[in-house]
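Enquirer: Once you've had a glance at the structure underneath, I'll fire off some questions.
The values are calculated or read from the model by the stated rules, or taken from the named source; none is laboratory data. All values derive from a computational prediction rather than experimental measurement. For neighbour counting, all protein chains shown are included, and Cβ atoms are generated from backbone atoms with ideal geometry for every residue, glycine included. In case anyone asks, the SASA skips ligands and DNA or RNA and just uses the protein heavy atoms, side chains included. Shrake-Rupley method; radii C 1.70, N 1.55, O 1.52, S 1.80 Å.
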Amino acid sequence: MKEQIGVCSRSVFGVEPCQMSFLFFLMYAAAAGGVLALLESTPGCAQEFKIKGGTQQLSECLAQRVGWKNVRLGSAVMAIWQDAELARVMTTNDTFLCRAVIVTCPPHLA
């Protein structure tokens, strides 16, 4: 079971087991129907669906829709502040005001 938790932690959450709460892991696994349901690729399990051509297509399609000029690469986000109307995003290079922010990093980094 210890090996399954390690594999699940790395593949599903993108972190080492020591980097996440065991209580969160148990709650998440219970909601999914068990640890194996998070890892298996059989019908009804978490890994059932795959994207033909790879997941990079999601980023590329999103960038096309919002316009490549609105995509900033190599600018680490330092903070995001949001109120009822706008969000302010501070990067290492600039600050942006916007109506919405799409966060695409793994949950443990968000």
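Enquirer: Can you tell me the FRET efficiency between Ala87 and Ile51 if r is taken as the Cβ-Cβ distance and R0 is 22 Å, rounded to the nearest 0.05?
Expert: My answer for the efficiency is 0.20.
Enquirer: Rounding to the nearest 10 and keeping the result within 0 to 90°, find how far the Cα-based axis of helix 22-32 lies from the longest principal axis of the chain.
Expert: Relative to the chain, helix 22-32 is tipped by roughly 80 degrees.
Enquirer: With only Lys, Arg, Asp and Glu charged, each at its Cβ (+1 for the first two, -1 for the last two), find how big the charge dipole of the stretch 17-110 is about the Cα centre; round to the nearest 20 debye.
Expert: The calculated dipole for the stretch 17-110 is roughly 280 debye.
Enquirer: Note the full-extension length gain between Phe24 and Ala100 as 0.36 nm times their separation in residues minus their Cα-Cα distance, in nm to one decimal.
Expert: 24.6 nm
Enquirer: May I pose another question? Taking the alpha-carbon distance from Lys50 and a cut-off under 18 Å, which aspartates and glutamates remain once sequence neighbours fewer than 8 residues away in the same chain are dropped?
Expert: Glu40, Glu60
Enquirer: Oh, and also: Can you pull the Rg over Rh of the chain, Cα-only, Kirkwood?
Expert: 1.05
Enquirer: Compute the accessible area per residue over the chain, keeping the other protein chains in place, probe 1.4 Å, unit Å².
Expert: Averaged over the residues of the chain, the accessible area is 79 Å².
Enquirer: Testing the spin-label approximation: label points 7 Å from Cα along Cα→Cβ at Trp68 and Val15. State their distance in nm.
Expert: 3.6 nm
Enquirer: Further question: Helix 56-66 versus the longest principal axis of the chain: what angle, 0 to 90°, nearest 10, using Cα atoms?
Expert: Computed tilt is about 30 degrees.
Enquirer: Report, in whole Å, the centroid distance computed from the Cα atoms of the stretch 53-109 and the stretch 7-35.
Expert: When both Cα centres are located, 26 Å separates them.
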